[in-house]
1. Please give the charge dipole size of the chain, origin at the Cα centre, charges +1 on K and R Cβ atoms and -1 on D and E Cβ atoms. Round to the nearest 20 debye.
2. Find how much the distance from Leu79 to Phe17 grows on full extension, using 0.36 nm per residue of separation minus their present alpha carbon separation; answer in nm with one decimal.
3. Considering the chain as a Gaussian network with a 10 Å cut-off on Cα pairs, which listed residue, Met187, Met145, Met43, attains the greatest mean-square fluctuation?
4. Using helices alone, I'd like the mean residue ellipticity at 222 nm for the chain: each DSSP H run of four-plus residues gives -39500 (n - 2.57), total over residue count, nearest 500.
5. For the charge dipole of the stretch 2-247, defined by +1 on Lys and Arg C-beta atoms and -1 on Asp and Glu C-beta atoms about the Cα centroid, which residue among Leu79, Val26, Gln201 has the Cα displaced farthest towards the positive pole?
6. For the pair Thr144/Gln70, report the inter-label distance in nm, with labels modelled 7 Å from Cα in the Cβ direction.
7. If the label point is 7 Å along Cα→Cβ of Lys62, which residues in the stretch 79-111 have backbone nitrogen under 19 Å from it?
8. Is any helix in the chain, taking whole DSSP H runs, at least 27 angstrom long along its axis by alpha carbon and on average at least 0.0 on the Kyte-Doolittle scale, and which ones?
Amino acid sequence: MTYQSADHNRQHTLQLFDGELTHLHVLLLEMTELLMFQLERAMRALDEGDVALAENVLSRYKDIKQYKIQIDTEVLTVLARYCPVANDLRTIISTSKIAGELEKIGYEITDFAKQVTVLFDPRSSDPNPKLLTDIFKIGHLVKTMLGNLLIVFTRGETNQAYILLQHDRECETQLREGIKHQLYNTMRDARLIGRALDIMQILKALEYCGEHCRNIAENTIYMLEGIDVRHRERDRLAQSDYPNPQAV
């Protein structure tokens, strides 16, 4: 009876542990979905000049912070209660780091929305739509990166994470092009300098979103495969240095 009771308790503990890991996973999914929703609304606010919508995006940042707080709380609880080791410990620590990066993306999207309220301030004229083209290009790319993260989190497959690393380099290239366009426009018309600076701040916010997505992809690869690609010197890496995502 003693052995049976001990086995039953261990099985019950493992079920509880698996349940708490599953809940952490669900929280990451929900947090990422909220970020995609926030980015979509920030871009729509920019496209339509909708200051009220941009302000609504600002007000939802507290929900993103709440997810981070909840994940951190549950991570500490799991660590204290079960003292996990090996793969389980790697999963839990990586989950905490990923949540931190997701919160930073939320902050950058909030900064994006804040600049929309500046660009469409009723006391000033609306920006030239041509000046906003680069924002939409990079914004859609960041949205794709968040979508890749959702696939990784849902399926537990890393091929999309390796693809996401390639998207990050594309995001950096688009940013450089966007800055060149803004500088060219201001050289042609000095009156656009103020607008260009506001737009470049949005471009930088989106660049940071891309960097945080890359960090999440690296942490996810480490979590799922135990392969640490986080400290490579990315500027010197060729595309072939990452494993072929089709072969993963």
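Read-outs throughout are calculated quantities, based only on the coordinates presented, and are distinct from any laboratory measurement. Quantities reported herein were computed from a predicted structural model and do not represent experimental measurements. As a convention, Cβ positions derive from the backbone with ideal geometry for all residues, glycine included, and neighbour counts pool all protein chains shown.
1. Working: 29 positive and 36 negative charges, 97 e Å.
Charge dipole of the chain: 460 debye, to the nearest 20.
2. Numbers: separation 62, 0.36 × 62 = 22.32 nm, distance 1.03 nm.
Extending this stretch completely gives an extra 21.3 nm.
3. Met187
4. On the way: 7 runs with 198 residues, N = 248.
Computed ellipticity for the chain at 222 nm equals -28500 deg cm²/dmol.
5. About the Cα centre, the residue reaching furthest to the positive side is Gln201.
6. Between Thr144 and Gln70, the label points sit 3.1 nm apart.
7. Flagged as within label range: 103-104, 106-111.
8. Numbers: long enough: 2-48 (69 Å, -0.31); 61-82 (32 Å, -0.35); 86-119 (50 Å, 0.10); 133-155 (33 Å, 0.83); 159-188 (44 Å, -1.09); 193-225 (47 Å, 0.11).
Flagged H segments are 86-119, 133-155, 193-225.
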